[in-house]
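S.K.: Would you mind keeping the following structure in view while I ask a few things?
Each value in this text was obtained by applying a stated rule to the coordinates, not by laboratory testing. All of these numbers come straight from a predicted model, not from anything done at the bench. Glycine gets a Cβ as well: all are built from the backbone with ideal geometry, and neighbour counts include every protein chain shown.
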Ligand code: SF4
C-alpha cells in the first residue's frame, strides 16, 4: 500500500467536484492551471473523470442535493486516493452552518475521509499549492 | 424516421462553477429542444440573510456567486440605503464604482478565456487568464483578497483606497491590461476563422430578447439597449463619461464583441474614477435602518441584479429577495440553441455567460438503449473540431491552424 501511495504522489491527477459552492474556490483551482501558477509543472493535472483521478478536490457546502452524489463519486474513485477539502465551506461550512439545509449539510469530513484541509474563502492559489505540497510530503514518506 | 436522443448536461462538472442541469433533445445533429433544471446550488441564502444583521448580510450575499462577488453586495447596499435614502459619501461611491468595474474586467476576461477553450483556441484561454491576474492583483491591493472583496457596507465602503497607490493601479490597468485587451480585440475579432465559426450562430433576435427579458451583454448583443448603470445611475456612474456598447446581430460573435468592447469602457471608467476620486469620509455610519422596503440594483457583468430588502426597524432584514441575471437569461436558450447543431451547443450555452462550465460534463445518452454515446470531452472536441475544419476549408494550412489554436485537433 505505501509503495502505491508513494508512486501516487509523483504525479497527482485531480478531479474537481464543485458541490454547492460559490465558484470562487473553483475559479482559484482553475487558476492554478493557467500561466502564472501552472501546476502542470509538478505533474498535477485536472482530469475530466473521477475514474482517472488520484485526488478528489471538493469545494462548497454539502447540501441535500449533493451529499449522496459526493459519496457516489468517492466510491468511483480508484483507491488508494486522497480527498482534499478546499475552502471554509467544505471544512466547516463557514457562514452557511445555519441554513435550513443544515440537517443534511455536514462538513465534508463527516461524509468522506479527508486527507487535507485548505482553509480560506477562497484560499489563494499559493495556499492550494502549499496544501498539496504538504499532503504529498506527508504521504510520500 | 426521426430518432430523438436526450443529452443531459450536468449537474456536476469537473471544470468549475455551480452545478446546473440542462437536458438537450437532439435529432441527428440538430438540437430540437432544451430544458433547464436549476436549484442544485440551493443554500437558502435569502432565508439565511433574515438571521443576519444588515452588515453581516453584505458578506453573505457576496458568497452567492464568486465571479459577481461585488455585484450582489452593491445591489444589496443600494437596497438598504434606498429604505432610508441615505446620503452616501462621494468617495465611497467612487470606490464602489472602481470595485464594480474591476470585477467586470476580470469576469469578461474569464469568459473570453473559457469561450476560447470551447472553440479550441486554448491559447486564448491561457492568455486571457494570464491577463486576468494583474486585475486580481489590483483588487487584492485594494481589498485584501483576490475574490470576495468585502468592500461594501450599508452607508459606505469598508476600506479606503490609499491615494499613494493610485499610480500603481493606473499603471497596471493602462500599461498591462490595456495592451492585452487591444491584443484580444485583434486576435479574436479580426480572426477570420473565429468570425466564420461564430457569426450567425445562436442568434437571439431583438423581439425575442425583449420577450424573454434578457439582460446584460446577452440583451445588448441583440440591440436591446438596456444598462442600469446608465438608465438609473447609482454609485458614481453618472459622474463619469462612458457609453453603452450595442450590437445588433444577436449571435455569439456579437456577444464576444460586446464583452471585449465593454472592457475598454471599464478601463475608461476606472481611469476617470482614479483621477477624480474625491477626498472625504468613506462611510456615513448609519445608526439604524427604519422600517420599509428598498430596492437596489447593479449592472453585474452578466446583467442587472436586483435585491429587495424589507426592514421592520430591527437590525435584520425581515425579507430579502435576490434576482440574479442568469435567471432571466436561461430561458432564452429555447430560442438560441434549438435548431443549431450539437457542436455549436457548447458555445451557445457559454455565450450568455451562465454558470457555464456545466457544459464540461455533457454526456449524450441514447434514450432507448440508455447507453452513453457522447461524453463531455467528446462534445467539446466536436466543437473544437468544427473550428479546425472551418479553418481548413478557408484555406489555412495545418501549421498555421496549429499555431492559432495552440495544438493540432485530429
Ligand atoms: S469557501 Fe468561500 S470561496 Fe469557497 S466556495 Fe465557500 S464561500 Fe465560496
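S.K.: Pull out the extension gain between residue B:268 and residue B:248, defined as 0.36 nm times the separation in residues minus the alpha carbon to alpha carbon distance; nm, one decimal. Please report the intermediate quantities before stating the final value.
M.R.: Values: separation 20, 0.36 × 20 = 7.20 nm, distance 2.32 nm.
So the extension gain works out to 4.9 nm.
S.K.: Considering the convex hull of the alpha carbon atoms of the stretch B:47-150, report its projected area averaged over all viewing directions, in nm², one decimal. Don't skip to the end; give the middle numbers.
M.R.: Values: hull surface 30.4 nm².
Over all viewing directions, the stretch B:47-150 projects a mean Cα-hull area of 7.6 nm².
S.K.: Given the -39500 (n - 2.57) contribution per DSSP H run of 4+ residues, what per-residue ellipticity at 222 nm results for chain B, rounded to the nearest 500 deg cm²/dmol? Write down the numbers at each step before the final one.
M.R.: Values: 17 runs with 186 residues, N = 410.
It lands at -13500 deg cm²/dmol.
S.K.: Over the stretch B:77-151, what relative contact order in percent results from Cα pairs under 8 Å that are six or more residues apart?
M.R.: Relative contact order here is 21 percent.
S.K.: For the protein assembly as shown, would you read off the P(r) tail past 44 Å as a percentage of all alpha carbon pairs?
M.R.: Working: 20701 of 151525 pairs.
Percent of Cα pairs beyond 44 Å in the protein assembly as shown: 14.
S.K.: Still on this structure, I have one more. Compute the Cα gyration tensor for the stretch A:3-72, then decide on rounded, prolate or oblate, letting a ≥ b ≥ c be the square roots of its eigenvalues: rounded whenever a/c is under 1.5, prolate when a/b is larger than b/c in the other cases, and oblate in all that remain.
M.R.: Numbers: a/c = 2.89, a/b = 1.30, b/c = 2.22.
Judged from the Cα gyration tensor, the stretch A:3-72 comes out oblate (a/c at least 1.5, b/c at or above a/b).
S.K.: What whole-number distance in Å separates the alpha-carbon centres of the stretch B:29-70 and the stretch A:117-137?
M.R.: So the two Cα centres are separated by 26 Å.
S.K.: Determine the shape class of the stretch B:45-359: with a ≥ b ≥ c the square roots of the Cα gyration tensor eigenvalues, call it rounded for a/c under 1.5, and otherwise prolate if a/b is greater than b/c, oblate otherwise.
M.R.: Working: a/c = 2.06, a/b = 1.39, b/c = 1.48.
Note, shape of the stretch B:45-359 comes out oblate.
S.K.: Taking the Cα centre of each part, how many Å lie between the stretch B:257-287 and the stretch B:143-209?
M.R.: Taking the Cα centre of the stretch B:143-209 as reference, the centre of the stretch B:257-287 is 13 Å away.
S.K.: In addition: In nanometres, what is the gap between the two model label sites at residue B:87 and residue B:239, each 7 Å from Cα along Cα-to-Cβ?
M.R.: 1.4
S.K.: So, one more: Given R₀ = 35 Å, what would the calculated FRET efficiency be for residue B:6 paired with residue B:284, taking r from the Cβ atoms and rounding to 0.05?
M.R.: 0.05
S.K.: From Cα pairs below 8 angstrom and at least 6 apart in sequence, can you work out the relative contact order of chain A, rounded to a whole percent?
M.R.: Numbers: 253 pairs, mean separation 39.5, N = 141.
Normalised by residue count, the contact order of chain A is 28 percent.
S.K.: Just need log10 I(q)/I(0) for the stretch B:127-243 at q = 0.17, 0.18, 0.22 Å⁻¹, Debye formula, equal scatterers on the alpha-carbon atoms, no solvent, rounded to two decimals.
M.R.: Log10 I(q)/I(0), no solvent term: -1.20, -1.24, -1.25.
S.K.: Okay, next question. For every helix of n ≥ 4 consecutive DSSP H residues, a contribution of -39,500 (n - 2.57) applies; sum these over chain A, divide by its total residues, and give [θ] at 222 nm rounded to the nearest 500 deg cm²/dmol. Spell out each step's value before the answer.
M.R.: Numbers: 5 runs with 45 residues, N = 141.
It comes out at -9000 deg cm²/dmol, rounded to the nearest 500.
S.K.: I need two numbers for the stretch A:3-140: Rg to one decimal and Dmax as a whole number, Cα atoms only, in Å.
M.R.: That works out to 14.2, 44 Å for Rg and Dmax.
S.K.: How would B:288, B:117, B:385 line up from fewest to most surrounding beta-carbon atoms within 10 angstrom? Present the calculation step by step, with values, prior to reporting the outcome.
M.R.: Numbers: B:288 10, B:117 25, B:385 15.
The fewest-first ordering by Cβ neighbours comes to B:288, B:385, B:117.
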